[in-house]
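Taken together, the values in this text are just the output of simple stated rules run on the coordinates, not laboratory data. The structure displayed is predicted, hence computed values, not measured ones.
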Amino acid sequence: MEDDEEGAARSEATFRFTVDNVSRLREQILSPPCYVRNLPWRIMIMPRSDQMARQNMSLGFFLQCKHGADVGVFILHSFVKFGHWLRFSKNWK
């Protein structure tokens, strides 16, 4: 994560989440929180598969903002730019 001088109250942030061995991922995982406007934002990565044919796999990327307290209804507006980089080890087949 890239820190900003404003800390948790900053208005924007760039953060990254690295997942090793994505091919072995079986359950959703969440990044550590990155606070923007004092709200925790996380990247959620979720493997998906066709229940009938296990060879049809996909991977979902989501941006999640989930506040722990019951704050009622509020509206969030965000602009998200997702990028992904694949890095293969020398032993990858």
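For the stretch 57-65, putting each phi into the Karplus relation 6.51 cos²θ - 1.76 cosθ + 1.60 with θ = phi - 60° gives couplings of 10, 9, 9, x, 10, 9, 9, 10, 10 Hz, in residue order, rounded to whole numbers and with x for Gly and Pro.
Taken one residue at a time, the phi angles of the stretch 33-49 give Karplus couplings (6.51, -1.76, 1.60, θ = phi - 60°) of x, 10, 8, 10, 6, 6, 10, x, 10, 9, 8, 10, 10, 10, x, 10, 9 Hz. Gly and Pro are set to x.
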